[in-house]
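Reading through the structure tokens given below for one structure.
FYI, it's all coordinate maths here, none of it is from the lab. Not measured: the values here are computed from a predicted model. Glycine also receives a Cβ, built like all others from the backbone with ideal geometry; neighbour counts cover every protein chain displayed.
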Amino acid sequence: MVLFRRPLAGLRVRALRRLYQTHLLENTAEARGLRLLRSWLSPKQRAQLDSEGAFEVVGSDSGKRYRICYGTSTNIREIDRTGRLGHSWCFVPVGGLVAGDVMLAQKIALETTETAALAVANKVPLLFCSR
Amino acid sequence: MAMHVVMDHAGDRRHYFDKEDAESLAEAERRFHELVGRGFTAAARVGPGEVSKIHAFDPAIEETLFVPRLVGG
């Protein structure tokens with residue numbers, strides 16, 4: 001089973017990267033959201049998003065690292081001290097926003113008011129995390 | 001021109017205002033308080049990729065981002 005997980009994870013990352021790059025060029029809500037997100041990321045976060053379809057943030061209160069993946073739900077993974085991905089957190093802004101806006105809202109919340117953001121978030125057990 | 005960026009389902013709405021014009025500034029301040037009153041979080045850049053929440057209208061900030069209230073997903 002483990003043998004099949006790595007290639008599938010790689011395919012998923014490549015598919016997300018293609019989707020992200022396609023959206024970036026369009027004049028749609030999705031594209032505007034991604035451009036807004038990119039303009040608020042640090043150079044390092046922007047490079048991570050471009051190459052991996054995800055970027056890391058540091059929690060304002062705990063100093064923990066989180067990985068925010070392209071998407072609008074269950075797309076935040078906590079990173080443990082050894083660098084391994086742990087369980088997921090899920091919180092989103094109200095209003096049915098596009099992925100770029102959701103990811104930017106998550107970045108701002110974790111980097112400025114981590115405890116308050118996680119207080120409203122749902123925690124998804126590791127068993128159900130897919131990325 | 002300074003700018004308020006409000007996230008919405010269409011990506012975002014942008015409102016530009018002239019910091020030297022009293023009427024434009026008053027409109028921007030009214031919008032700030034209305035959005036914060038509706039539960040939006042106001043944020044501004046404080047460095048490359050660094051963000052800070054702001055709690056009061058500050059005409060010196062060039063770009064303010066308004067993020068809707070967060071809920072568990």
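For the reader, a short list of remarks on this structure follows.
- Only residues that are surrounded by fewer than 16 Cβ atoms within 10 Å (Cβ to Cβ) and either over 20 Å from A:Thr113 (Cα atoms) or aromatic (Phe, Trp, Tyr) (or both) were counted across segment A:39-70, and they come to 6.
- Enumerated strands (runs of 3 or more DSSP E) restricted to chain B, each holding at least 1 residues that are at the interface with chain A (Cβ under 10 Å from one of its Cβ atoms), loosely packed, with under 13 Cβ neighbours inside 10 Å and not basic (Lys, Arg): B:41-47, B:50-54
- Any hit, segment A:74-81, residues being surrounded by 15 or more Cβ atoms within 10 Å (Cβ to Cβ), facing chain B (nearest Cβ under 9 Å), under 26 Å from B:Val46 (Cα atoms) and hydroxyl-bearing (Ser, Thr, Tyr): no
- Residue in segment A:112-125 that is within 11 Å of another protein chain (Cβ to nearest Cβ), of a type in the set (D, E, K, R), within 24 Å of B:Val5 (Cβ to Cβ) and crowded, with 19+ Cβ neighbours inside 10 Å present: no
- Selection within segment A:46-66 - under 23 Å from A:Ala31 (Cβ atoms) and assigned to a strand (DSSP E or B): A:Ala54, A:Phe55, A:Val57
- Filter result for B:His15 (touching a Gly at 6+ places or on another chain (Cβ under 7 Å) and without any contact (Cβ under 8 Å) to a residue 40 or more places away in the chain): no
- Scoring A:Trp89 on the criteria (1) of a type outside the set (Lys, Arg); (2) within 10 Å of chain B (Cβ to nearest Cβ); (3) assigned to a helix (DSSP H, G or I); (4) under 19 Å from B:Leu70 (Cα atoms) leaves a single failure, condition (3).
- Scanning segment A:74-86 for residues that are without any contact (Cβ under 8 Å) to a residue 24 or more places away in the chain and in a loop (DSSP other than H, G, I, E, B) yields a total of 5.
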